[in-house]
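Every number here is computed from the coordinates shown, using simple stated rules; none is lab data. Not measured: the values here are computed from a predicted model. Here Cβ is always computed from backbone atoms with ideal geometry, including for glycine, and neighbour counts include all displayed protein chains.
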Amino acid sequence: MKRFLNRFLHHFYLENAAGYFAAATALITTYSLLVNPSFGILNASIIEEGKWWDVALFAFRLYSPSESADGSIMPWISMAIYSYVIFFVGRMIEEDLGSPKFNLYLWSAIIHITIGAVLSIYYPLYVNTRLIYECLLIALAIRMPNAELFILPIRMKWIGAAIFVFLVIGRFEEVKMTGSYLPLAGLLFGFSNLVLFFGKDLFSSFRQNARANSWAVKKKEQDVFTVHRCYICGATEATNPYLEFRYCVDCTDHEYCENHLHSHNHIR
């Protein structure tokens, strides 16, 4: 199955898929702002009437009808920012993953979000299309944690962490408002795609950081001059300043901390 999928992707994929997605989002959102505020929205009547084109177009629309009818300039400014971010960030991830895999990630994200949005009609999941963009930024933070976005002197890992915290805090506000934990479950429609494609990278990053921190601690301990060291656990007066150390009279020149002084096997 995996072999068939790889062969299929290498024959049917779009170069610069992020650019096409950004352009489609800008066009459909512009149409909803200027012509028809209900274009591409989802509600129970649309599902019952079988208007599946609205379901298919939902992922390319940024605003709800109330936001589209706002009349201010802010929807236009935020649409321009979102379109540029999706293009710029998407290009970076596409160059990193390769076009076939990025196509699969993007289409998988669109399908996940669309399914979540349909379920949000009946349950308070609060899944919207902006989750695609936010998860793209988190994906970039996972793949390129030390990269800097645009002219901001902030590493992507901090931007990704801030977006994640912002999303979770926002969902807890919706939990309070609805009295249900389903809004938190709504995040899974975006995060599940991240775990599916980048979970291995995230786990490897955590494991490497843990190893690096452990090595740094050990190196620091080795660099600090100490007089006492427990023969059993390696504790010193630097790592455990409140421990007492004693030599065992039954051992040949071995020192122990107070935790192991009376519970070790004697060495002669």
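A few comments on the model shown:
- More than 19 Å apart - percent of Cα-Cα pairs taken over region 221-268: 20
- Of the peptides 79-85, 19-25, the ranking by mean beta-carbon count within 10 Å, highest at the top, reads 19-25, 79-85.
- For residue 30 and residue 176, the difference between the fully extended length at 0.36 nm per residue and the C-alpha to C-alpha distance is 49.2 nm.
- Multiplying the residue separation of residue 184 and residue 231 by 0.36 nm and removing their Cα-Cα distance gives an extension gain of 11.9 nm.
- The label-point distance for residue 77 and residue 52, in a model that sets each label 7 Å from Cα toward Cβ, rounds to 4.1 nm.
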